[in-house]
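Asker: Here it is, the structure in full.
Each reported figure results from applying straightforward, stated rules to the coordinates on display, with no laboratory input. Being a predicted model, the structure only gives us computed values, none of them experimental. Backbone-built Cβ (ideal geometry, glycine too); neighbour counts: all protein chains shown.
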Amino acid sequence: MSVIAPKFRLGYFLKGIFDNAFWILTIVTLAGIPAIQIVLFYMDLPVIDGELLTAFLAFTWLFNPTMQIPLIKSLLYSDLFRIVVFPGFGFAALIAAGTIFVERKMLAKLQLRVGPFYCGKIEGLLQLAGDGLKLISKEIIIPAKADKPLFWAAPVLFVGTAAAFVALIPVAPGGWVVADLDVGLLAVFAVIGFFPIITILSAWSANSKFPFIGGIRALHQMVSFEIPLILSLLGVVILTGTLNLSEIVESQSNFPWIIFMPIGAIVFFTTMLAELERIPFDLPEAESEIVAGWLTEFSGMMYGLVQLGSYLKLYAFAALFVIIFLGGWTGPVFWPPLETELITKGTPIPNYAGDPVLTVFAPGLPLFDADPNEWVKQQQGELQYTSGQLLISGVIWFVLKTVAVIFFILLPRGVFPRIRLDMLLHIGWYKLIGLAFVNIFIALGLVYAGVLGPGGIM
Amino acid sequence: MTEVIPTKQMPPGLQVDKVDDRIMTLNVGPQHPGSGHMRIIVKIDGDYIVDADPDPGYVHRGEEKMAEARNYITNIPHLERPVIHDSCNILYPYVLGVEDLVGIEVPERAKYVRVIAAELNRCIYIQYWLAIYGIFLGHSTMFMWPAGDRELLIDLMEKITGARVTHAYFIPGGVRNDVPANFEDVCLRQVNYFEQRIKEYADIFYDNPILKARTEDTGVLSREDAIRLGTTGSVLRASGVDYDVRVKEPYDVYDELDVHTNVLKSGDSYARSKVPWLDMLESCNIIRQALEKMPKSGSIRTKLKPNPKGGLGEVYRRVESGRGAAGCYIISKEKPEPYRLKLSVGSFRNLIALPYLLKGEKLGNMPAVYWSLNYWPVEADR
Amino acid sequence: MTNGAPDMADALFLAISVLTIGSAIAALEMRSLVYGSIALMGTLGGVAGFYVMLDSPFVAMFQLAVYVGSIAVLILFTVMLVKRELIFKKIEDPKRKFAGIGLMLITILALGAIILDSGVKTITTDSDPVDFREIGGDFLTYYWPALILMAFILAGSVMGALVLARREDTIENEQ
Amino acid sequence: MGTATGIIKALNSGVKHLAVKRFTLRYPEQKLKFVGDGYQFDPSSGVAIAGLKGRHMLFHDHCTGCQLCSIACEGVAEAIGMVKVPDKWGQNAKSIMPQIDYGKCVFCGLCVDACPFYALYMSNDYELSSFTKEGLIYTPAQLQVKPQVQQDSELIIDKRGARHG
Amino acid sequence: MVGESVASYSNVLLMFGFACAAMAPALLISRMLSPENKKQPNPVKTLPMECGQVPSGAGRTHFMMQYYAYVLMFVIFDVMAIFLYAWGSSLLDLPRTATLPIIAFLGIMFAAMAFALYQSKRKDIW
Amino acid sequence: MSTTEKEVPPKDNKKDTAPEKVEDTAPAFEKSYVEQIANQFSDDVEVEYIQENRTRLNVKKEKIIDVAKFIKDNTPFDHAESVSGVDYPQDKEIGVTYHLGSYTDPEYSKQVLALATRAPREETPNPGNDSTKLPSLRDMFYSVEFHEREVFEMLGVYFEGHPDNRRLLLPEDWADLPPLRKDFMNKGR
Amino acid sequence: MSNELIEFVLVSIALLGIGIYGLAVKRNAIRMLFAVEIIVNAANLNLVAFARFMPHSGGQTLALFSIAIAAAEVAVGLALIIVAYRMYKNVDIADFRSLKG
């Protein structure tokens, strides 16, 4: 079946689409719905107004205006929403897409070019969509004698592992994180540990020389930079005494840790670049030496998936930097509180004659309040900010900081050449580990000198 | 006296005969982002290159054979094809040789115009080379900037010759057309701006510590080896040999201009990449001098018979092209066509240094060493 | 937690048990060493899952980071060092295989019988789990000689491994 | 410390260029200005006049059908063939005029140099693409047409860098 | 209750599973949409990338970089780094004398690292 | 530009030395070093002063190694710039010309010494296996290595003593005449 | 169900059995390493499980030590395998019999 092949015929194409649609429907009916049932059986269902929300009830309430907002709210606070949309995959993919666009335009500006321009009329906004369409319509070529299961699985696993990394990132106050772990930081290290394995397996499975060299390089690089990465964050852990990422953010409400630990931040930033395989550390994809490194044999959408995974990873690392060194979502709250009348009295909507005929209440507008009492408390001066305010302000601060960090991750691509493997290992094992230990001792000194820690500022 | 170049000292633990079963043979090229139209058969042991065998010829088109079938004038558009980016300089020795063979004098103004065109073209070539050197080292900005700034000079060349790349401008007896009116001002302005631009490359490229760490002490070609291997151009000058055909054997009006030869001592990839850049700055100087000294008016072309015949004999002329000395050896037998025409070009002469330099280097150094040799595959293949 | 949670935990326990034991068998029985290594990673990950179920997240993450993140990498790397033929070759003795299965069954049955017969069967707990920070306290207060010993073991092993892994053909060459 | 200053210098240089104007010529919208009307040749002085070597212009009232352009092209590209034209011109007894195959032409301009009768010049037209090979062959009638070339962009050098405008 | 904290950990797994499940269709759709000549597969097209040449030798040779030592070192020093976290996360609760064992630990590990880095300069470790 | 003494001097030569003037007005500098060589190998070397700064030595193929060694040891010529093979079908010979230059001596940097020799030519060439053979100068001038490979494939001159007499530019399956011989016809352009 | 110690112990026994089987049957050195790893993990699982059910941090601490020692063991073991492989071009344990002091 082909779309752009020379013998393209609309009839065949439509037939193919209908065939596929038929089979997809069949499979969904036979396998998908039972699977959903099984999942629903084990899932915690929300309780709204004392009623257990079942699927049937949810469908009923969808058409009941008074119950819609509680329904939507309950969905917003469900795990699925977190995984799929907000702090999880959708949010990360959106930032990743933005990153790709910014990277192209910024690099173009730095190099006195225009960059993507025509696609999407406005400065090439839709270039990424165009590239995605192109990639998805390209043939996937699998090299002869390749280890097919591994070769197919590698890009998907790569995206999955990157997503698992994203799952650990808290985005806003109030537990807006997919998985709030006590040992979040260690979980990050555990997840990072999977990337070299996927890389080397995909490189090995391609049965080609250039990917193999690239994979081995990637392995050495990731593995060598994992230790400085782990050590550079130890200083913060010493000062905060916790491994939970949300608590680390909250510990920085007064000042970000980068003030006390610039060395650790520099080490972490450098190792981050190396783990992300970005210039100047993009040895695994050094195109002038080994074609495209471990990505050489990936074609079409497989390549696209690896790229998606790597940009998700980029977002996750930038967010981790923000969380640990730049204070995450902390920042002055600038989002104005919502009108109290909207909550308590409702807003009257007049008709053409000016008579108020309809009063609109927004009692549980999901993003703006978790608890309607907060408004009352705020009005009475008991509470400074509502949680809705904090959420929006926090997300904006977080995104701003993340974008700033991403800018600094992207900038070296235009400024530095690629370095060599032995230089890279030398930097990792001699300089960065040394600096990381310097950072640890600084943190230790700060604690024992009483500057920070229990007896100090905090 | 048998003098064999000693092979470079390999790092310990890399003796080829011992590690036979670990050797991996890589075909670098012809369809490789880091090869050009050439194949280097590289044998690697781990990260180290134990053997490298260049295999040029993918763009061989027999210019020398074809030149024997064409007359002296119709050879002109063809002989610039091997290096279209440096077309004036590759044509220069041929034109000088034909002038010697036919016996024709060149007007003074034409000589200056030739020098200006040749120096502009040298800068154009070096910018292109530098762009590729940048991207070979993974420095994408250094790919875009030279490629963009090159447009300034291409614009000038287009004003002079009417073509952006393949100029076919030099002709026995002078040049084909005069420069346009008001050219001196435009040229001076653009060349000055160009010089200012390329000085900015220092910050981002030549003084970049990562680049220095990457290219310094890699692929070191000592002075003696550079001479014995017969390298030329920037490769030779980077190894500390003060040799520039423009100075040593001035042609046209180079003896009236103040040409400074850039010589660096270290002979590593960094020096080899820096010498062309210094050459560009020097070229800007030469262009300014030439614009000053150029007669403001006068003939620019001595008329030639329609189908000139060369005398009986041979001639070997050299010029300094962007890649080193370019020689043209013409044997003439009183025919309108040359009996034998041989181009002795810098790329081909520098190629011999490649396997010598790559042995024992790390794989990551391969592009840095290869492209620092100022090698242009099409010119080497001819 | 509503009443759904224990069911979920049971299903999870079953799934992880099946994954762990199945991939442990696969690690030993798969034809390709590379796939065997992947299956071993499955076993190690499954054991990490058990640690999470046992409320010891620190050990679980340590297991993941060290076993899967580094030991599995080293194993994979070493497997790839071996020639391609050997990766796919299974060296086995059929007689010993039956003996091994017998041994395995005897071990499992005997130990299982002993355990089931003992009082272990009845042990349950509702107490709070140990905070992982206590582990760090243990390391440095009560178990600190073990920590020093650990350092010596790690140092010795890395030195030994590096000395062992050195290739000797240069020495032959120098002679 | 040299390393650190070098890195900072490079980063600074990169960031500085985020404010420099773009140099790129947006080709289909903007087109470059050229020097003259195209490459022309004056046989009496033996010197050409500077200009872009674009598509040829054939002046039918000057062409004598002498085939010198074709002969000049023989050794270069063999792009010029002589074809019959329907019109009768006094100076052109055989009624043959050059027809140029731009699939072969290398735009060297030697045919213009060869024409002693001011009949063949080159024009500023450089957009010659065609979907068929035959479309690249320009008959004498097509060569007669003076091209309309849009020329609006020039290289501007000012304090914020060079650009096309 | 044993195993109460599983829920938040399982979210990571769910995220992983969701990403895999959401991305696998991209490959399937790509497989459906993309042109492919199934009747006459081109054997040259599926050759491994070898710069346009017919590949010589196996792709998966037991080829090794000279930096095997670093991978060996990683296994050991990864353990060390995460051991330090057990100390670091509980530092604020511990008496100051508890730093002494960790200093000794680090001292021994530094000595090992110095030796290992000295060894890893050799090109003959693989 | 010039000729051997036997040939008739070209009439339309304006600039360069006519052959009868060669002996008289041999440039002093060139003469000084060429005479060294000429004295050493009096019978086997034939000197021509072609042009300003260009000298040509015609050497018999048996003596080429000795002459090259002598040049390498006693004159500052230290590298070969180019090696050109020329086919002379009417003489049944193939000429090979080494252009030698000097980097080290500033006085000699202008000079190019052409060291020419000739090898027998066969009508039906069989490169490498017929009588078209010359000794290789690679041991004296290392830089001729690739040039000699090129001459070997282009004209079928086998260089004895060359370590690596393989094809360089032409494709692996090239099985025609050596292409730079005069009887290899250009089939179209 | 899952808050009973016995299940974890049973899984641990199963893993131990599989490990013993692997050690007894396999002759490939790398496979034997796998078997050893499985046995070590079975032991660790027991440690952590018992520690959880009689709340004490010592079990987890010991498990950490055990994992660390396993890492050291794997590093040395693989180095040994590499040495043996380099000598015999094989990973069959039978070939290593001639290894002596």
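Asker: Quick test of the membrane-span-like rule: which DSSP H helices of chain E reach at least 15 Å along their long axis (C-alpha atoms) with mean Kyte hydropathy at least 1.6?
Answerer: Helices meeting the criterion: E:68-88, E:99-120.
Asker: Within the stretch A:378-405, list the residues whose amide N lies under 16 Å from a label point set 7 Å along Cα→Cβ of residue A:102.
Answerer: Output list for this probe position: A:395-405.
Asker: Now, a different point. Based on the mean of other beta carbon atoms within 10 Å per residue, what is the order of B:38-48, B:165-175, A:134-144, C:106-116, most packed first?
Answerer: So the order, starting with the most tightly packed, is B:165-175, B:38-48, A:134-144, C:106-116.
Asker: Further question: Let me have the 222 nm mean residue ellipticity of the protein assembly as shown computed from DSSP H runs of 4+ only, each contributing -39500 (n - 2.57), with the sum over all residues rounded to the nearest 500.
Answerer: Rounded to the nearest 500, the figure is -15500 deg cm²/dmol.
Asker: Tell me whether the stretch B:151-206 comes out rounded, prolate or oblate; compute the Cα gyration tensor, take square roots of the eigenvalues as a ≥ b ≥ c, and use a/c under 1.5 as the rounded threshold.
Answerer: In terms of gyration-tensor shape, prolate.
Asker: While we're looking at this one, here's another question. Among B:305, C:97, B:111, A:313, which comes first, then next, by fewest other beta-carbon atoms within 10 Å?
Answerer: Taking fewest neighbouring Cβ atoms as first place, the list is B:305, C:97, B:111, A:313.
Asker: Roughly how crowded by other chains is peptide B:94-105, in terms of the mean Cβ count from those chains within 10 Å of each of its Cβ atoms?
Answerer: 3
Asker: Where the convex hull is taken over the Cα atoms of the stretch D:51-165, what is its projected area averaged over directions, in nm²?
Answerer: Averaged projected area of the stretch D:51-165's Cα convex hull equals 8.8 nm².
Asker: What is the helix-to-structure angle for D:2-16, meaning the angle in degrees between its Cα long axis and the longest Cα principal axis of chain D, kept from 0 to 90 and rounded to the nearest 10?
Answerer: That works out to roughly 60 degrees.
Asker: Compute the relative contact order of chain E as a whole-number percentage, counting only Cα pairs closer than 8 Å that sit 6 or more residues apart in sequence.
Answerer: Contact order relative to length: 36 percent.
Asker: On to the next question. Using modelled backbone amide H atoms (1.01 Å from N, in-plane), which distant-in-sequence or interchain residues come within less than 5 Å of residue B:177's amide H?
Answerer: Here D:48 satisfy the definition.
Asker: Follow-up. How shielded is A:151-164 by partner chains, expressed as the average number of their Cβ atoms within 10 Å of its Cβ atoms?
Answerer: Average per residue, whole number: 5.
Asker: Using the 10 angstrom Cβ neighbour count as an exposure proxy, how do G:76, A:171 rank, fewest first?
Answerer: Fewest-to-most Cβ neighbours within 10 Å comes out as G:76, A:171.
Asker: Taking one equal scatterer on every alpha-carbon of the stretch F:54-189, how large is log10 of I(q)/I(0) by Debye at q = 0.08, 0.10 1/Å?
Answerer: For the requested q values the scattering log ratios are -0.21, -0.33.
Asker: Taking just the alpha carbons, could you work out the radius of gyration and Dmax for chain E, both in angstroms?
Answerer: Values for chain E (Cα only, Rg and Dmax): 25.5, 75 Å.
Asker: If I take the Cα coordinates of the stretch B:24-109 and project them onto the principal axes, what are the three extents in Å, biggest first?
Answerer: Ordered largest first, the stretch B:24-109 gives principal extents of 60, 29, 19 Å.
Asker: Rg (Å, one decimal) plus Dmax (Å, integer) for the alpha carbons of the protein assembly as shown?
Answerer: Radius of gyration, then largest Cα-Cα span, for the protein assembly as shown: 38.9, 126 Å.
Asker: Determine the principal axes of the Cα atoms in the stretch B:184-341, then give the extent along each, sorted from largest to smallest and rounded to whole angstroms.
Answerer: Sorted from largest, the Cα extents of the stretch B:184-341 read 58, 44, 22 Å.
Asker: Need one word for the stretch A:72-191: rounded, prolate or oblate. Basis is the Cα gyration tensor (sqrt eigenvalues a ≥ b ≥ c); a/c below 1.5 gives rounded, then a/b vs b/c decides.
Answerer: Taking the square roots of the gyration eigenvalues as a ≥ b ≥ c, the stretch A:72-191 is oblate.
Asker: Tell me which aspartates and glutamates have Cα within less than 16 Å of residue F:63's Cα, excluding those fewer than 8 residues away on the same chain?
Answerer: The reachable aspartates and glutamates, counting only those whose Cα sits under 16 Å from residue F:63, are F:43, F:44, F:46, F:73, F:139, F:160.
Asker: Kirkwood Rh over Cα pairs of chain B into Stokes-Einstein at 20 °C, 1.002 mPa s: D in µm²/s?
Answerer: For these conditions, the coefficient is 100 µm²/s.
Asker: Any chance you could get the radius of gyration and Dmax over the Cα atoms of the stretch G:5-98, in Å?
Answerer: Both quantities, over Cα of the stretch G:5-98: 15.9, 50 Å.
Asker: Highest mean first, what order results for A:11-22, B:99-110 on Cβ atoms within 10 Å?
Answerer: B:99-110, A:11-22
Asker: Moving to a separate point now. Using Cα pairs under 8 angstrom and six or more residues apart, how large is the relative contact order of chain G, in percent?
Answerer: With pairs under 8 Å counted, the relative contact order is 27 percent.
Asker: Considering only Cα-Cα distances, which of the following residue pairs are longer than 19 Å: B:303/D:146; B:199/D:9; D:53/D:146; A:145/E:38; B:159/D:31; A:109/D:159?
Answerer: B:303/D:146
Asker: Suppose every K and R has +1 on its Cβ and every D and E has -1 on its Cβ; what is the size of the dipole of the stretch F:19-125 about the Cα centre, in Debye to the nearest 20?
Answerer: Using Cβ point charges on Lys, Arg, Asp and Glu, the stretch F:19-125 gives about 200 debye.
Asker: I would also like to ask the following. Residue by residue through D:43-56, how many Cβ atoms from other chains fall within 10 Å of the Cβ on average?
Answerer: For this peptide, the per-residue mean of nearby foreign Cβ atoms is 5.
Asker: Can you tell me the FRET efficiency between residue E:54 and residue E:31 if r is taken as the Cβ-Cβ distance and R0 is 25 Å, rounded to the nearest 0.05?
Answerer: 0.35
Asker: What does the net charge come to around residue B:162 if you take all other residues with beta carbon closer than 10 Å to its beta carbon, with K and R at +1 and D and E at -1?
Answerer: Computed value for this residue: +3.
Asker: If one computes P(r) from the Cα atoms of the stretch B:78-198, what percent of pairs lie at distances over 21 Å?
Answerer: When every Cα pair of the stretch B:78-198 is considered, 41 percent fall beyond 21 Å.
Asker: Take the Cα gyration tensor of the stretch F:19-125, multiply each eigenvalue by 5, square-root it, and list the three semi-axes largest first, rounded to whole angstrom.
Answerer: 24, 16, 13
Asker: To the nearest 0.05, what FRET efficiency results for residue A:60 and residue A:25 with a Förster distance of 30 Å applied to their C-beta separation?
Answerer: After rounding to 0.05, the efficiency reads 0.75.
Asker: Which whole-Hz ³J(HN,Hα) couplings does the stretch B:371-382 yield from phi under the Karplus relation 6.51 cos²θ - 1.76 cosθ + 1.60, θ = phi - 60°, glycine and proline marked x?
Answerer: 7, 5, 6, 6, 9, 10, x, 5, 5, 5, 7, 6
Asker: Taking chain E as a Gaussian network, where each spring joins two C-alpha atoms under 10 Å apart, which residue of E:33, E:91, E:106 fluctuates the most?
Answerer: E:33
Asker: I'd like the distance between the alpha-carbon centres of the stretch A:387-426 and the stretch A:262-319, rounded to an integer number of Å.
Answerer: Each part's Cα centre sits 13 Å from the other's.
Asker: Which of D:81, D:90, D:103 ends up with the largest GNM mean-square fluctuation for chain D, with Cα atoms connected below 10 Å?
Answerer: Ranking D:81, D:90, D:103 by mean-square fluctuation puts D:90 first.
Asker: Next up: Is there a pair in A:138/B:43; B:65/B:309; F:60/F:92; B:265/B:359 whose C-alpha atoms are over 25 Å apart, and which pairs would that be?
Answerer: Too far apart for the 25 Å limit: A:138/B:43.
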